[in-house]
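Written out below as structure tokens is the structure these notes cover.
The values are calculated or read from the model by the stated rules, or taken from the named source; none is laboratory data. From a predicted model like this one, the values you see are computed outputs, not experimental measurements. With ideal geometry, Cβ positions are generated from the backbone for all residues, glycine too; neighbour counts draw on all protein chains shown. Accessible surface areas use protein heavy atoms only, side chains included; no ligands, DNA or RNA. Shrake-Rupley method; radii C 1.70, N 1.55, O 1.52, S 1.80 Å.
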Amino acid sequence: MTPTFGCVILTMGKRPKEFAAALESLKNQSGADLDIVVVGNGWDPAPETTGVKTVFLPENLGIPAGRNAGAAEVSGEYLFFLDDDVVLEDIDTLANIY
């Protein structure tokens, strides 16, 4: 059975290269079905993302509130949070951790 993950990336938009790499590493995962949302904590991520949902928080509400805002927008058996400066090194990371 293929695991399903609700994935939340929280970002303030201040690390564009790192964010792009983090998002790509998540989008490239295999062996798992992903529902991905990018939460812009005080930053609108919509212009910088394609193929995923976005949530714009007009002001930075902090990490817990930002993650909660994203968690409310995704579904899956498991919930996965990825920081905007972290890259999943292997394409089957999520498939192997469930």
* Asked: Using alpha-carbon positions, what is the distance between the centroids of the stretch 15-32 and the stretch 47-63, in Å?
  -> 15 Å
* Asked: Glu59: accessible area at probe 1.4 Å, nearest 10 Å²?
  -> 120 Å²
* If contacts are Cα pairs under 8 angstrom and at least 6 residues apart, what is the relative contact order of the chain in percent? -> 43 percent
* Estimated distance in nm for a label pair at Asn96 and Phe56, the labels positioned 7 Å out from Cα along Cα-to-Cβ -> 3.9 nm
* Can you give the net charge of the other residues whose Cβ lies under 9 Å from the Cβ of Gly76, counting K and R as +1 and D and E as -1? -> -3
* Please work out how much length the chain gains when fully extended from Glu48 to Ala72, using 0.36 nm per residue of separation minus the C-alpha to C-alpha distance, in nm with one decimal. => 6.5 nm
* Structure fact -> Karplus ³J(HN,Hα) for the stretch 43-49 (6.51 cos²θ - 1.76 cosθ + 1.60, θ = phi - 60°; Hz, whole; x = Gly/Pro) runs 8, 8, x, 3, x, 9, 10
* Asked: Among all the lysines, which ones have a C-alpha under 18 Å from Lys53's C-alpha, if same-chain residues fewer than 8 places away are not counted?
  -> Lys27
